[in-house]
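Have a look at the structure below before the remarks.
The values are calculated or read from the model by the stated rules, or taken from the named source; none is laboratory data. Bear in mind the structure is a predicted one, so any value in this text is a computation, not a measurement. Neighbour counts run over all protein chains shown; Cβ positions are idealised from the backbone, glycine included.
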Amino acid sequence: MNNGLYNAEKFISTYNEIDHILRVMLHEENWVGYHELVVRASRFNRIVREYEEDLKQIGDLRNAIVHRSTNQIIAEPAEFIVNLAEKIRQMLVEPPKVFPKFQKDVLTVDANESIEKVAHLMADNNFSRIPVYEGNTFSFLATAEDIVRFIAANNGKLLGNIPISEVARFAEHKDNVQFVSQDTDIFKVAEMFEIYHRNGKKIEAVLISENGSKNNKPIGIITLFDIGEIYREMEIRANNGLA
């Protein structure tokens, strides 16, 4: 078998798999056209949306290299488009997950810990934010900015043994944290940051727990500083000025 024919057959096989994936995703029958599948799926699936134009071109190329009446291959695709189709198919089947890529020991503090100690922990570890827990339940994300606002509101008095829980009411954004399970794909996390950004809000951190529950200690954390790495993993450009 010559390489051109092999590429063509591999491309057609990959195209058929993508078509099948989209139909299963949308619960659509064969009468719905491929282009329509791509458009519909792009409305809720970040992977399809990111590669929408590529997927449409893959559909156009499939029609160009297969004779309509005989269903015979009449042209051969370039290797790069064969590889692109396979990459998209693989991402749709098994998108890269947040875990173990962003697995790390996450420093947390108890809500009764003193502000002073938390501030020292931030400085010693070069952190600007630390998750605060009441037992095993997440309370809020303490940030350096929150602590500064607390100090300013209290006329700069010594922090002493004042618990970090007192800082919670000085948090600029109450909903600045999201939780995801270890099985969440990085496309969904990227979308979380972008949705917040479009709405004029700021997500300080995405905490990863085994099942996505706030009642489990985190096994990983993703912050805005990680967004560039997420985009590199997704092999897409940074959107909306996030990175």
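At-a-glance table
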{"quantity": "Options Asp60, Asp105; residue that is of a type in the set (Asp, Glu), over 30 Å from Ile147 (Cβ atoms) and surrounded by fewer than 14 Cβ atoms within 10 Å (Cβ to Cβ)", "calculated": "Asp60"}
{"quantity": "Extreme residue, surrounded by the fewest Cβ atoms within 10 Å (Cβ to Cβ), among residues of the stretch 175-208 that are under 15 Å from Asp226 (Cα atoms), within 12 Å of the chain's Cα centre (by Cα) and of a type in the set (Asp, Glu)", "calculated": "Glu191"}
{"quantity": "Hey, Met91 in a helix (DSSP H, G or I) and within 21 Å of the chain's Cα centre (by Cα) or not", "calculated": "yes"}
{"quantity": "Helices (runs of 4 or more DSSP H) (entirely within the stretch 11-73) containing at least 3 residues that are farther than 26 Å from Arg232 by Cα", "calculated": "34-42, 52-65"}
{"quantity": "Extreme residue, farthest from Gln72 (Cα to Cα), among residues of the stretch 10-47 that are at pLDDT 90 or above and acidic (Asp, Glu)", "calculated": "Glu36"}
{"quantity": "Options Glu172, Glu134: the member that is surrounded by fewer than 16 Cβ atoms within 10 Å (Cβ to Cβ), modelled with pLDDT under 90, farther than 30 Å from Ile65 by Cβ and not assigned by TED's automatic domain parsing to the domain that holds Glu52", "calculated": "Glu172"}
{"quantity": "Members of the stretch 137-153 found to be assigned to a strand (DSSP E or B) and either without any contact (Cβ under 8 Å) to a residue 60 or more places away in the chain or not assigned by TED's automatic domain parsing to the domain that holds Lys214 (or both), listed by number", "calculated": "Ser139, Phe140, Ala142"}
{"quantity": "Test: Glu50 is of a type in the set (Asp, Glu), at pLDDT below 90 and crowded, with 18+ Cβ neighbours inside 10 Å", "calculated": "yes"}
{"quantity": "Considering residues of the stretch 177-232 that are without any contact (Cβ under 8 Å) to a residue 40 or more places away in the chain and in contact with a Ser or Thr (Cβ under 6 Å, 6 or more places away or on another chain) only, the residue farthest from Ser128 (Cα to Cα)", "calculated": "Asn211"}
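Results for (1) out of contact with any Gly (no Cβ under 9 Å at 6 or more places or on another chain); (2) part of a loop (DSSP other than H, G, I, E, B); (3) surrounded by 12 or more Cβ atoms within 10 Å (Cβ to Cβ); (4) touching a residue at least 60 places away in the same chain (Cβ under 8 Å), shown as yes or no for each residue.
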position	(1), (2), (3), (4)
Lys101	no, yes, yes, yes
Glu116	no, no, yes, no
Phe127	yes, yes, yes, no
Gly160	yes, yes, no, no
